[in-house]
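Worksheet: the structure to be examined is printed underneath.
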Amino acid sequence: MKNITPIPAAQIHHPQELLPMAQTTHAVSADTTTGISQAYFLEHWQQILPRYIGHGRPSTDTMNHYVSYIQQFFDWCQTMDTQPLSITDFEMRGFLEWLYHQGYKDDTIAVKLVSIRRLYLAAQRLGLIAENPCQDIYVPNATPDELIRFFTPDQLYEICQFYEEDENLFRRYRNIAIVYLMGVEGMRNVEIHRMNREDINTELNSIFVHGKGHDRRIFPCPETMDFLQKYLDQYPPQPKKDGPFTPMFLSDSHKNLWGRLSRNGIRFIMNQALVETGFKRPGLSCHVFRHSAGTNLYAATKDLRLVQDTLGHRDPKTTARYAHLQDRLAKRRTSSIVPRPTDTKDS
């Protein structure tokens, strides 16, 4: 694999000459719509990838990070004599092991995998590969069962990274704040929808939540409050009032400009990120973010009462399912009954 130096920011966004050039390349395999072959993709991935990052307009810093992490992966593939677009799930797990042997920490590895996963998403969208070999590769102890609906912290980070690339600061911080309120603080879609600016107590750094069955007060972490403040810094000067209240989260659509963001609007915003990051699954709704908060908070603290208070559960049995989930993930109890030969004793 030939090393390619990072391209200047001015050359990141390539016009239509990509496709005619691709058609003259000797194809390993090619998508009939774009004409881009695997060989061309591997030769020009730095010019192609930006179209699949940050709404097609990634910043220079973001692109340089992606280039650095992906180039490291390509160097590893060359060392292992592996063709990147033919790599298997098993080989990807070998790369994960190599990263740990190099001394990288979980958070760093998660960020590297975000970049590589996005490279394969681009190849998948171009019809060059059938499946993303990175789709199920995550740091140890953070791999979600497909039947268990929650996002790990590194997946939530990847979702936020999608929004980080939006040049519209109002949308960027609004959407990230919603992810934090749902995925970190455990708020429901309807609670985000009902939230007003008057519900925020800046002295206590607390939020009054208009709940589904009862109201409660939450005390978000500093990171959540920071994104809320960044969003408020971009808040329009004349939002549409909702009776005596000022809606917290506003729509920027022409039909409801600066009016209260609807529940469907929240779903649309979340689904957009899930589709772009490859996490969208049939039946997956906004509620998965609330489940993520409960699952990840119990995994970090083992404190069921804390999870119950955070999510506002009246019945502790509802909260107990997060402990049950973590217990099943951590303890594979059926290992004690696997088939094995009977011990024989010398007579």
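Numbers below:
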| quantity | calculated |
| --- | --- |
| Residue list for the stretch 194-242, filter: small (Gly, Ala, Ser) and either closer than 18 Å to GLY183 by Cα or part of a strand (DSSP E or B) (or both) | SER206, GLY211 |
| Test: residue in the stretch 93-104 that is loosely packed, with under 15 Cβ neighbours inside 10 Å, within 16 Å of the chain's Cα centre (by Cα) and in contact (Cβ under 8 Å) with a residue 24 or more places away in the chain | no |
| Residue match in the stretch 45-52 (condition: under 18 Å from the mean Cα position of the chain (by Cα), among the hydroxyl-bearing types (Ser, Thr, Tyr), part of a helix (DSSP H, G or I) and surrounded by fewer than 20 Cβ atoms within 10 Å (Cβ to Cβ)) | yes |
| Counted residues, the stretch 126-149 - those being at pLDDT 85 or above and buried (at least 17 other Cβ atoms within 10 Å of the Cβ) | 6 |
| Single residue of the stretch 198-232 satisfying the filter (over 27 Å from the mean Cα position of the chain (by Cα) and basic (Lys, Arg)) that is surrounded by the fewest Cβ atoms within 10 Å (Cβ to Cβ) | ARG217 |
| Number of the condition not met by ILE176 [criteria: (1) surrounded by fewer than 16 Cβ atoms within 10 Å (Cβ to Cβ); (2) within 30 Å of PRO236 (Cβ to Cβ)] | (1) |
| Test for LEU274: is it part of a helix (DSSP H, G or I), modelled with pLDDT of 80 or more, more than 19 Å from ASN189 (Cβ to Cβ) and among the aliphatic types (A, V, I, L, M) | no |
| Evaluation of ASP75 against (1) under 29 Å from ASP166 (Cβ atoms); (2) modelled with pLDDT of 95 or more (one fails), failing number | (1) |
| Tally, over the stretch 243-271, of residues that are outside any loop (DSSP other than H, G, I, E, B), within 30 Å of ARG51 (Cβ to Cβ) and in contact with a helix residue (DSSP H, G or I) (Cβ under 6 Å, 6 or more places away or on another chain) | 2 |
| Count of the stretch 268-287 residues which are hydrophobic (A, V, I, L, M, F, W, C) and closer than 22 Å to VAL111 by Cβ | 5 |
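The values are calculated or read from the model by the stated rules, or taken from the named source; none is laboratory data. Model, not experiment: these values are computed from the prediction. Please note: Cβ atoms are built from the backbone with ideal geometry, for glycine as well, and neighbour counts cover all protein chains shown.
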